[in-house]
Every structure is written in structure tokens, then in C-alpha cells.
């Protein structure tokens, strides 16, 4: 979802317990799940392939959690997980902007320090006890135990892109499904992979190495693979600017062409059946679009403090507000869709940093589900 592909598109013609929102529609954070004991799963040595992944059972992804707002009077009504990519760390912050959990991602810094190799996205797994991340430029994905802050499962060979079994090439948006399967958008391989807990590819959308738009058989640089409540998937294709809804059997339901968005990122399905998508550009924009492609609402400020710079993911909060990663402005903002004004912000606009209240290219986020186990003394 990042700079190299943005350039390619331009050339081509053709993103304790802490009570919270309980997850968001379309994401892996669900309701009250029960998971297997992570102690039974070996820690990964992070050298490629996969250790056994923690499984999960319970309700499906995408549960409506509007009644689970911990802070109903706040523009951000719940706690927030942030993938602070440029600082190679994960954070959980409250609506009052207090850090209540954090983790540095080991071995993720580039040659010039903390920059491009941190966690690109981060989502809670269905059991609420783990976080799944993708390291896009490090060619790997992994699952982290929140309590121990240790990787318990990985897939990919760090720093080595490829298309053979066990390899990835620019992985984006990794999710764990309720049955323990992991999905990932493998951008440069033009495919979506479904990976079992023992590291086997058990299903695939797209044809490895073939770029085109014939979903789900052929895909053009997919950067989003959002799980849906019905067991299907919403795929975002950078090439050609499409979102494709696929049902649980792999059948195409519809494909939407975003006519005025050149770089769609991480499209989300809203409870009313419409789509929420961002344009990863500067100025960036946010749109709500119908399945027929009609733009129903947009946020498109081209100057001033409200202008977005390479936003990579937008989610609708249980209170109706829109939260968005404003990557290159080094902030996450909450926007009131009625007034189109920023009503909450974490990070200092245009100023990267590591101190509390600062971010550095925050590229991923998720709403904190109920009963996230934090170790004593967090962060």
C-alpha cells in the first residue's frame, strides 16, 4: 500500500483487561471469543516458514458492537490499537491519549534506523489475546501474544521476497479468521493467501505473478483482504482501482470501480452494505461508495490542517464518526462526518516523534475488543 506501488500505479495504465469498542465491522476483533492456550504453541524463530498458530473459536468477524462503547461521550468511544510503523512499535491508547500498552517490534528497523520495516498493519485476532501484524517491507507476517509480547507464529522469510511456499512479496493486511486460518494480501505476487496454522497455503485468490482484473481468479496488486461477517471477503485492488466482494464460496458478488480514487486502500464494508475507502495520496480523501459505484459521502480537503497526507485506512466508529490513519501527517484523526471537522487527534501534525503523544507514519489501527489481557505494569 506504500510508496513503491504508488509510483508503479502512476506508470501503469491499467492498507488486566481493557474494555473498548469490542472490534469493528469487518475486522478480526469480535465479541466474546474463547481461544486455545497459547502456551501450547511454540514460539517462532522468525527464520521463515511458520510455527503453529493460536486457534480461536466463537462468533464470526464483523459483529456489530455499537452497544459496547466504553466512552460514549468521547469522539473516540473506545481504546485504540496503533501500528506506529516508522517507530517499529505497537501502541494501545485511550481516548484521553494515555498509552496503556506498547511493544517494540524486534528486528524490524531498516539500515538507517526505525523507518520502513515496522508493523504496517495490526489487528486483533478473534480470541482477543493476540495481535496479527504484517511487516510489508520485511516480507513476513506474524501473531503476537499480547500478554508476553512475543511472536507465537510467523510466515515468510524476513527480508527475502518470493512466491514459493513459505515466501511473501510485500504482504499487507494479515487477518486471523475464527477457525485459525490466516489471510494476507500478497501485493506483488498479485494474490490473496489463506494459510493454515501449520503454515500451509490452503486456498488462494488471484494467480501468482499474473496481474489483471478478473476477480477472484486474477487480481491486480491487491492490498486489502477484509474479512466479512458472512464468511466472505472484500478485496481491494490498487491496479485499476477496484473493490471486489467475494462470498464464502469464492464467488464474485460484485466489483466496484472507484472512478475518482487512484490509489484505493483497505476498503471496508459498512453495516448498511456500502463501502468506506481512502485514497492513499496527498491530498488524500475518504469516500463512502455504494456497491454500484455511486459516491454517497466524501472528505476531500486540499489544504489546511484538515488535509490528509497518504491516509491508508478508515473505519467507522460505533458512534458514527470516521477514524483514519493519516500516515504522512504522523497522526490518527477522528472526523465528524456531518461537519467534516477533525474532532480528535493523536499525533502532532507533520511532526514525527517517539515521545508520548507522537507517532511516525502510523499505518495501521484496530479498535480494542473487550477483555484484552494486559500484563501488570503495562505498558
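Descriptive notes on the structure:
- In the condition set (1) touching a helix residue (DSSP H, G or I) at 6+ places or on another chain (Cβ under 9 Å); (2) modelled with pLDDT under 95; (3) closer than 25 Å to residue 174 by Cβ, residue 330 is compliant with all but (2).
- Among residues of segment 140-149 being surrounded by fewer than 24 Cβ atoms within 10 Å (Cβ to Cβ) and out of contact with any helix residue (DSSP H, G or I) (no Cβ under 9 Å at 6 or more places or on another chain), the one that is nearest to residue 187 (Cα to Cα) is 144.
- The residues listed here are 303, 298, 262; of these, the one that is modelled with pLDDT of 95 or more, in contact with a helix residue (DSSP H, G or I) (Cβ under 7 Å, 6 or more places away or on another chain) and either closer than 27 Å to residue 362 by Cα or surrounded by 14 or more Cβ atoms within 10 Å (Cβ to Cβ) (or both) is 262.
- A single entry from 364, 347 fulfils the requirement of being surrounded by 14 or more Cβ atoms within 10 Å (Cβ to Cβ), modelled with pLDDT of 95 or more and at positive phi: 347.
- Within this structure, residue 49 passes the test of being modelled with pLDDT under 95 and either surrounded by fewer than 17 Cβ atoms within 10 Å (Cβ to Cβ) or farther than 19 Å from residue 156 by Cα (or both).
- Out of 290, 309, sole residue that is surrounded by fewer than 21 Cβ atoms within 10 Å (Cβ to Cβ), under 19 Å from the mean Cα position of the chain (by Cα) and at pLDDT 95 or above: 309
- Any hit, segment 93-106, residues being touching a helix residue (DSSP H, G or I) at 6+ places or on another chain (Cβ under 8 Å) and buried (at least 21 other Cβ atoms within 10 Å of the Cβ): no
The values are calculated or read from the model by the stated rules, or taken from the named source; none is laboratory data. Please read these numbers as outputs of a predicted model, since none were measured by experiment. For neighbour counting, all protein chains shown are included, and Cβ atoms are generated from backbone atoms with ideal geometry for every residue, glycine included.
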